[in-house]
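Read through the structure below, which is laid out as structure tokens, and then see the notes.
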Ligand SMILES: [Fe+2]
Ligand SMILES: [Fe+2]
């Protein structure tokens, strides 16, 4: 945590992306339309992520997180605003016009503030950001278009850190969680619903591959046929072991998630 906070304090302002030219010429119009839709949705989602990290700050302050954690949280909100700008620029280059995300206050409950903060970080960083990182890696590996690839790699560099932050935070809080077994139990009870929500929103099961082809891959659009595989492999090989190491009953929660296929 301290290393990442120090990196952010020392970091110069990010350089502007140099690969400013995009040539749509080699690509089929349908692939360009799909890419436009993807980057338009992505721009709004990235803006939404910025609002979530900004909205999480009051939870963090009330939970008395240290200065390093505060620095990283504010930095992640800034990262997401930059991502929104990158995605908006790409979407516009493709003819799109992304709307800003609607402000959505982070729900509060009567549960202890530390528990609420940890649940939000687990869902947002350990689960969502880890899956998104894997998805970006998969798309970037296939992307041949230099403009699109540069944009994907710029997002990816930050999303990896966002995913890691969740697990590092849990390690930082290990002794606090150890001293508050009721919080650990509450998080274990929260996990099945969290996994179900993640699966509903990000698994990509049943995504249509109609028309998807080599041009889409070259543009860095994720292959619909691989969405589910990337999702399940990432959950089972990265998310579950990470949460288990932090002492949570994640594998049991994954098996017990509501709506699980075959359950
Ligand atoms: Fe992002
Ligand atoms: Fe992120």
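The values are calculated or read from the model by the stated rules, or taken from the named source; none is laboratory data. Just so we're clear, the structure is a prediction, and the values are computed from it rather than from any experiment. Backbone-built Cβ (ideal geometry, glycine too); neighbour counts: all protein chains shown.
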| Which of the residues spanning segment 109-153 are surrounded by fewer than 18 Cβ atoms within 10 Å (Cβ to Cβ), more than 21 Å from residue 237 (Cα to Cα) and within 16 Å of ligand 2 (Cβ to nearest atom)? | 153
| request: Being farther than 15 Å from residue 244 by Cβ and touching a helix residue (DSSP H, G or I) at 6+ places or on another chain (Cβ under 6 Å) is the filter here, so list the residues in segment 181-191 that pass it. | output: 183, 186, 190
| request: Determine which member of the set 169, 198 is within 18 Å of residue 251 (Cα to Cα), more than 14 Å from ligand 1 (Cβ to nearest atom) and assigned to a helix (DSSP H, G or I). | output: 198
| query | residue 204 passes all but one of (1) without any contact (Cβ under 8 Å) to a residue 40 or more places away in the chain; (2) outside any loop (DSSP other than H, G, I, E, B); (3) more than 16 Å from ligand 1 (Cβ to nearest atom); (4) surrounded by 16 or more Cβ atoms within 10 Å (Cβ to Cβ); which number fails? | reply | (2)
| query | residue 88 fails exactly one of the following numbered conditions: (1) under 19 Å from the mean Cα position of the chain (by Cα); (2) surrounded by fewer than 19 Cβ atoms within 10 Å (Cβ to Cβ). What is the number of that condition? | reply | (2)
| task | Please state which one of 153, 136 is assigned to a helix (DSSP H, G or I), more than 28 Å from residue 246 (Cβ to Cβ), free of Cβ contacts under 8 Å to residues at least 40 places away in the same chain and within 16 Å of ligand 1 (Cβ to nearest atom). | result | 153
| remark: Within segment 90-110, residues assigned to a helix (DSSP H, G or I) and in contact with a helix residue (DSSP H, G or I) (Cβ under 8 Å, 6 or more places away or on another chain) come out as 90, 91, 93
| remark: When restricted to 8, 17, the only residue buried (at least 16 other Cβ atoms within 10 Å of the Cβ), within 16 Å of ligand 1 (Cβ to nearest atom) and at pLDDT below 95 is 8
